[in-house]
Amino acid sequence: MAALFSLAVLVAACGDDDPVGTPSPSASVTQAPGVATTAAPTPEPSRTITIIGGGDVMLGRSIADGINQNGLLWPFEQILEVLGSADIAFVNLESPLTDRGEPANKDFVFRGPPAGAQGLLGAGIDVVTMANNHVLDYGLTGLRDTWAHLTAARVLQTGSGENEAAARSAVVLERNGLRIAFLGYVNTPPDSVSGFVVEEDVQLPGFP
């Protein structure tokens, strides 16, 4: 089942606003006899960025076989140019990246190779959400391995964490003078967590 998730993107301009009543540095004042004139301030350059958002990226099963045979970028070969054209690329990572852990007691479990994190980086993907119904397919071991592989590859993740506060924390990126915050949430079916028993002090990542 594909995960249902919502992405919140918050954008703010970097830098401090001018205090109220302080003239813009681009404004000039000239004095003519009996008349004060103020030149119109020069408009700031427009701040724009391009964000590409992708749906489910599942690197397990036959996709994992293809990666082993054809290289890390094989799943993305047809869209590398598109991904590379964006300032930020964001996808839903629908499989843990691990070679450890026990499969969950559910109909469909996915697991991608640890090297898949480097493939995400090479494809130009900056941020992934792990708030989906396969995040725990190989338990907390598989999830923690995925965090480690993503961190090593310098791919950021949101939507999962060791506790609720971490799972709800935003990833913030800065591009072209703008700060963009990403949050990941999911409407999770019951089969996503069936068969799991976790320590009392560990909250299921990504869930309220």
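A short reminder: the numbers here are calculations on the coordinates, not readings from a lab. The model shown is predicted, which means the values in this text are computed figures rather than measured ones. FYI the Cβ positions are ideal-geometry reconstructions off the backbone, even for glycines, and counts take in every protein chain you see.
As a calculated quantity, the FRET efficiency between LEU121 and ILE49 at R0 = 25 Å, using C-beta atoms, amounts to about 0.80. Each Lys or Arg adds one and each Asp or Glu takes one away; over the other residues whose Cβ falls under 14 Å from the Cβ of PRO75, this sums to -3.
Shown here for the range 95-142: chymotrypsin sites (Phe, Trp or Tyr not before Pro) in loop regions (DSSP other than H, G, I, E, B) with at most 16 other Cβ atoms within 10 Å, namely PHE108. Lys and Arg at +1, Asp and Glu at -1: add these up for the other residues within a Cβ distance under 14 Å of ALA148 and post the number. It works out to a net charge of 0.
Please label the shape of the range 89-186 as rounded, prolate or oblate, based on the square roots a ≥ b ≥ c of the eigenvalues of the alpha-carbon gyration tensor (a/c under 1.5 means rounded; beyond that, a/b larger than b/c means prolate, else oblate). It comes out prolate by the Cα gyration axes. What nm value, rounded to one decimal, do you get for the distance between ALA170 and LEU80 when each label is placed 7 Å out toward the C-beta? With each label point 7 Å from Cα toward Cβ, the separation is 3.4 nm. Packing, as the average of other Cβ atoms within 10 Å across residues, places the peptides 171-181, 147-157 in the order 147-157, 171-181, highest first. For the range 65-75, backbone phi angles converted through the Karplus equation (6.51, -1.76, 1.60; θ = phi - 60°) give residue-by-residue couplings of 4, x, 4, 5, 8, 10, x, 5, 8, 3, x Hz, Gly and Pro being listed as x. Summing charges over all other residues whose Cβ lies under 13 Å from the Cβ of ILE52, with Lys and Arg as +1 and Asp and Glu as -1, gives -2.
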